[in-house]
């Protein structure tokens with residue numbers, strides 16, 4: 001399939017596909033007339049990349065997942081290198097949660113100090 005079809009099927013722009021190619025995450029074959037040609041495997045790679053980006057991974061984070069799929073595994077997360085990225089990302093998220101909880105406690109304390117009668121509202125409360 002050509003780049004436009006891959007972009008349409010993967011739900012990305014052709015510019016994004018060219019960037020992924022430039023970053024070495026996907027590889028286009030060239031037809032006789034110079035057009036980029038992709039296969040179903042490339043669609044799977046792009047889908048994996050997009051799903052990782054959607055939850056906060058970077059393109060560099062995606063590399064082991066792409067390599068795992070290229071090695072023939074059913075899932076990009078099946079290889080030890082991918083598992084290590086998952087574990088690192090979870091640790092980063094845990095650190096961010098701790099930092100947010102700390103900030104929340106500080107803001108709540110400031111509110112309690114400046115407005116003793118004010119109540120804290122939870123998300124979704126009116």
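Bear in mind that the values in this text are calculations on the coordinates, not laboratory data. Model, not experiment: these values are computed from the prediction.
Computed values, structure above
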{"read-out": "√(5λ) per eigenvalue of the Cα gyration tensor, segment 1-53, largest first, Å", "value": "17, 11, 10"}
{"read-out": "Kirkwood Rh, Cα atoms: Rg over Rh of segment 72-123", "value": "1.37"}
{"read-out": "Tail weight of P(r) past 21 Å, computed on alpha-carbon pairs of segment 14-84, percent", "value": "23"}
{"read-out": "Whole-Å distance, taken between Cα centres, linking segment 77-118 and segment 15-38", "value": "39"}
{"read-out": "Principal axes of the chain: Cα extent on each, largest first, Å", "value": "75, 31, 22"}
{"read-out": "Helix-derived mean residue ellipticity, 222 nm - over the chain, DSSP H n ≥ 4, -39500 (n - 2.57), to 500", "value": "-20500 deg cm²/dmol"}
